[in-house]
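Visitor: Below are the structure tokens for one structure; questions will follow.
The values are calculated or read from the model by the stated rules, or taken from the named source; none is laboratory data. Note that the coordinates shown come from a computational prediction; the quantities given were computed from them, not determined experimentally. Cβ sites come from the backbone with ideal geometry, for glycine too, and all protein chains shown count toward neighbours. Side chains are part of the model used for accessible areas, which takes the heavy atoms of the whole protein and leaves out ligands, DNA and RNA. Shrake-Rupley method; radii C 1.70, N 1.55, O 1.52, S 1.80 Å.
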Amino acid sequence: FGVEQAGLAQVGNFWHASLWSGTPESWVDLHTFLPAEFLISVAKGIWGDATHTYVVGYGYNVNTERYEALMWTRTNGAACPADFDDDGTVDFFDYDAFVTCFEGGACPPGPPPKTADFDGDGSVDFFDYDAFVVAFETPC
């Protein structure tokens, strides 16, 4: 859907539902968001809008001994641009993640893919830093 793909990856001996946007760095292991009783998970479909990404699939629950339908919902950065690490809160960790990305270090995984080009003009400069600070100081 758009630039995002959903599917699965083999992690050890098990399948894990996965989400990515074209690069290994953007890979998100959706299985990690499930309770421990899920042995495997598979993502089968993806859809999104301006604020959310929805991934549907299934997983095997060892407690119930059956496959169960699953849906992962993720709030995209567009919902609150200053939530740079996409953990649902705006705090020091977002500021730190942006500064690390801005200085050429690793950027948080997507979706959508995070870059230091915060204002989307195609270049990384002071205006991106300033735009992030404004967003960071503005409650979502």
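Visitor: Look at ASP130 and say whether it is modelled with pLDDT of 85 or more and in contact with a Gly (Cβ under 8 Å, 6 or more places away or on another chain).
Guide: So ASP130 fails the test.
Visitor: Let me ask you something else. Name the single residue that is least open to solvent (accessible area, probe 1.4 Å) among those in the stretch 103-135 being of a type in the set (Phe, Trp, Tyr) and either over 25 Å from GLY2 (Cα atoms) or under 16 Å from the mean Cα position of the chain (by Cα) (or both). Steps first, please.
Guide: The first filter runs over the stretch 103-135 and keeps only residues of a type in the set (Phe, Trp, Tyr), leaving 118, 126-127, 129, 132.
Now narrow it down to the ones that are either over 25 Å from GLY2 (Cα atoms) or under 16 Å from the mean Cα position of the chain (by Cα) (or both): 126-127, 129.
On the way: PHE126: 133, PHE127: 130, TYR129: 66 Å².
So, considering only residues that are of a type in the set (Phe, Trp, Tyr) and either over 25 Å from GLY2 (Cα atoms) or under 16 Å from the mean Cα position of the chain (by Cα) (or both), the one least open to solvent (accessible area, probe 1.4 Å) is TYR129.
Visitor: Here's something else I'd like to know. Mind listing just one residue for me: the one in the stretch 41-60 that is of a type in the set (Ser, Thr, Tyr) and closer than 16 Å to THR75 by Cα and, of those, least open to solvent (accessible area, probe 1.4 Å)?
Guide: Step by step, filter the stretch 41-60, then rank; the result is THR53.
Visitor: Here is a further query. Looking for whichever is of a type outside the set (Lys, Arg), over 30 Å from ALA131 (Cα atoms) and buried (at least 20 other Cβ atoms within 10 Å of the Cβ) here; the options are PHE38, PHE98, PHE84. Which one fits?
Guide: Just one listed residue meets the conditions, PHE38.
Visitor: Which of the residues that make up the stretch 1-19 are assigned to a strand (DSSP E or B), open to solvent by less than 80 Å² (accessible area, probe 1.4 Å) and either of a type in the set (A, V, I, L, M, F, W, C) or over 16 Å from TYR67 (Cβ atoms) (or both)?
Guide: Selection gives GLN5, ALA6, GLY7, LEU8, ALA9, VAL11, ALA17, SER18, LEU19.
Visitor: Sticking with this structure for a sec: Within the stretch 32-45, count every residue that is outside any loop (DSSP other than H, G, I, E, B) and at pLDDT 95 or above.
Guide: Residues flagged as outside any loop (DSSP other than H, G, I, E, B) and at pLDDT 95 or above within the stretch 32-45 amount to 8.
Visitor: Of the conditions (1) of a type in the set (Ser, Thr, Tyr); (2) surrounded by 14 or more Cβ atoms within 10 Å (Cβ to Cβ); (3) at pLDDT 85 or above, THR73 clears all except one; give me its number.
Guide: That leaves (2) as the condition not met.
Visitor: Select from the stretch 22-33 the residues that are touching a Pro at 6+ places or on another chain (Cβ under 8 Å) and open to solvent by less than 20 Å² (accessible area, probe 1.4 Å) and list them in ascending order.
Guide: Within the stretch 22-33, SER26, VAL28 qualify.
Visitor: Give PRO139, PRO108 a once-over and let me know the one that is assigned to a loop (DSSP other than H, G, I, E, B), modelled with pLDDT under 90 and under 23 Å from GLU25 (Cβ atoms).
Guide: Working: PRO139 fails: under 23 Å from GLU25 (Cβ atoms).
After applying the criteria, what remains is PRO108.
Visitor: If the Cβ limit is 9 Å and pairs must be 6+ apart or interchain, which residue in the stretch 24-51 that is more than 15 Å from GLU68 (Cα to Cα) pairs with which residue that is part of a helix (DSSP H, G or I) and not charged (D, E, K, R)?
Guide: Close Cβ pairs satisfying both conditions: ALA50/ALA78; ALA50/ALA79; THR51/ALA78; THR51/ALA79.
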